[in-house]
Amino acid sequence: MKRSVLLLGCTGSIGTQTVDVIRAHPDRFETLGLSCRSDVETLYRQANELHPKFVAAEVPLDPARLPEGTLVFSGPDAAERMAAEADADVTVLAISGYAALRPLLAAIRHGRRIAIANKESLVCGGALVDAALSAYGAELLPIDSEQSAIFQALQNGRREEVKRLILTASGGPFFRKTRGELKDVTLSDALNHPTWKMGRKITLDSATLMNKGLEIIEASRLFHFDAEHISVLIHPQSIVHSMVEYCDGTIMANMSKPDMRLPIQYALTYPLRTESPCEPLKLDLTHPLEFYPADPERFHALRMAYDALRADGIMPTVFNGANERAAELYFDGRIGFADIEDCVEYALNTIENRPADSLEAIAAADRAARYAADRFLNRKQ
Ligand code: MG
């Protein structure tokens, strides 16, 4: 029987690669619904190819450009309302940023299995997401390449046998630069990732290592290990996607060419595997694999992420919200590259921790973090 897929965030990098995976396996998957924010041209094209039952967009949609009989949702909460209506086997959450938290909670309430590419919603949602998962009996499968690697490596032993999770980080384009040299990097330098082709925000987060910081917290949320059991290793080739070290000293590593279609496909076919459109990895001496320590004192993004995770409450939301706002300010040319981590640090130092026990508390923390980022900008001017 075919698995029905609901794809929230169909037009971004993960969304279009999910469509590639669905397209490669017409015998395995059918598209139940597609949602986007505003890139309706891509949505119309995908809908006319895949014939979903539902489509959703934040902006108005023209039914004449969709296959006859398609049910249309539009408006700011369109994805959430579609998720509540559609009874999918797998819901892929590929919406970017904090904005994915409400659709995630809607998908948990109404879905069975959620393949999650969005890390911000897990970072901010914390205990609220856990409570919803157990109340509604839904399961989360990671799409993020590092978390998929850990998820797969964890299947080789028992939880109490795990010594630590080892997240690998490419280090981004500036891994070999000193802190002083980071002052002069340009936007195009920052968006030139050495190994992965991704959306603009996550590429910037890879350059600042904020992405790895978010992944430290994401790994803790997904697998329920504390900060002391999660470490980071720089691996510039992005061939080893992450590892799990067991108590006997064995390290299980997950390797492939960097291609997001692989973890996307695994989340869609789990617990089975099938042929993939990805190029196989050939290990040979012309492509050595290197590993370097990632010192949290040198990479402030990692230190701040560990601190936010240990503090918990609203601090992971503050870490994320300030980073999302700092990225906007950087893309608008209003702050420099090296200011991004100072901006996040300012927010973490000026906002007092509180419990993140409701959606309202989390939303308030997210707003406070963005205001703090703007205050940081005003103080600089
Ligand atoms: Mg990742």
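The values are calculated or read from the model by the stated rules, or taken from the named source; none is laboratory data. Note that the structure is predicted; figures quoted are calculated from it, not measured. No Cβ is skipped: glycine too gets one built from the backbone with ideal geometry, and neighbour counts run over all protein chains shown. Ligands, DNA and RNA are excluded from the accessible area calculation, which covers all protein heavy atoms including side chains. Shrake-Rupley method; radii C 1.70, N 1.55, O 1.52, S 1.80 Å.
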**OP:** Return the residue satisfying two criteria in turn: it lies in region 266-304 and is part of a helix (DSSP H, G or I) and in contact with a Pro (Cβ under 8 Å, 6 or more places away or on another chain), and of such residues it is farthest from P26 (Cα to Cα).
**Re:** R303
Original post:
Within region 332-381, which residues are acidic (D, E), in a helix (DSSP H, G or I) and without any contact (Cβ under 8 Å) to a residue 24 or more places away in the chain?
Top reply: E360
Subject >> Members of region 222-239 found to be more than 19 Å from D312 (Cα to Cα) and more than 13 Å from the ligand (Cβ to nearest atom), listed by number >> reply: L233, I234, P236, Q237, I239
Subject >> Selection status of G111, away from the ligand (no atom under 16 Å from the Cβ), buried (at least 19 other Cβ atoms within 10 Å of the Cβ) and among the small types (G, A, S) >> reply: yes
Original post:
Out of (1) assigned to a loop (DSSP other than H, G, I, E, B); (2) farther than 22 Å from M260 by Cα; (3) not charged (D, E, K, R), the odd one out for C10 is which?
Top reply: (2)
Subject >> Qualifying positions in region 239-264 - open to solvent by less than 10 Å² (accessible area, probe 1.4 Å) and farther than 18 Å from G157 by Cα >> reply: V240, I264
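Matching residues to (1) open to solvent by less than 20 Å² (accessible area, probe 1.4 Å); (2) more than 19 Å from L105 (Cβ to Cβ); (3) in contact with a Lys or Arg (Cβ under 8 Å, 6 or more places away or on another chain):
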position	(1), (2), (3)
M1	no, yes, no
G12	no, yes, no
R23	no, yes, no
E30	no, yes, yes
H51	no, yes, no
D62	no, yes, no
R81	no, no, no
Subject >> Residues within region 117-128 that are more than 12 Å from the ligand (Cβ to nearest atom) and either buried (at least 22 other Cβ atoms within 10 Å of the Cβ) or on the phi > 0 side of the Ramachandran plot (or both), tallied >> reply: 7
**OP:** Please go through region 132-176 and pick out each residue that is in contact with a strand residue (DSSP E or B) (Cβ under 6 Å, 6 or more places away or on another chain), part of a helix (DSSP H, G or I), of a type in the set (D, E) and more than 16 Å from the ligand (Cβ to nearest atom).
**Re:** E161
Subject >> Boolean, D27 is at negative phi, within 19 Å of the chain's Cα centre (by Cα) and at pLDDT 95 or above >> reply: no
Subject >> Selected residue (criterion: nearest to A94 (Cα to Cα)) from residues of region 136-153 that are among the acidic types (D, E) and crowded, with 18+ Cβ neighbours inside 10 Å >> reply: D144
Subject >> Candidates A207, A219, filtered to the one that is part of a helix (DSSP H, G or I), modelled with pLDDT of 95 or more, within 14 Å of the ligand (Cβ to nearest atom) and not basic (K, R) >> reply: A219
Original post:
Only one of (1) of a type outside the set (D, E, K, R); (2) free of Cβ contacts under 8 Å to residues at least 40 places away in the same chain; (3) open to solvent by less than 20 Å² (accessible area, probe 1.4 Å) fails for G97. Which number is that?
Top reply: (2)
Original post:
What are the residues in region 154-164 that are within 19 Å of A227 (Cβ to Cβ) and either open to solvent by less than 60 Å² (accessible area, probe 1.4 Å) or outside the structural domain of E215 (by TED's automatic domain parsing) (or both), if any?
Top reply: L154, V162
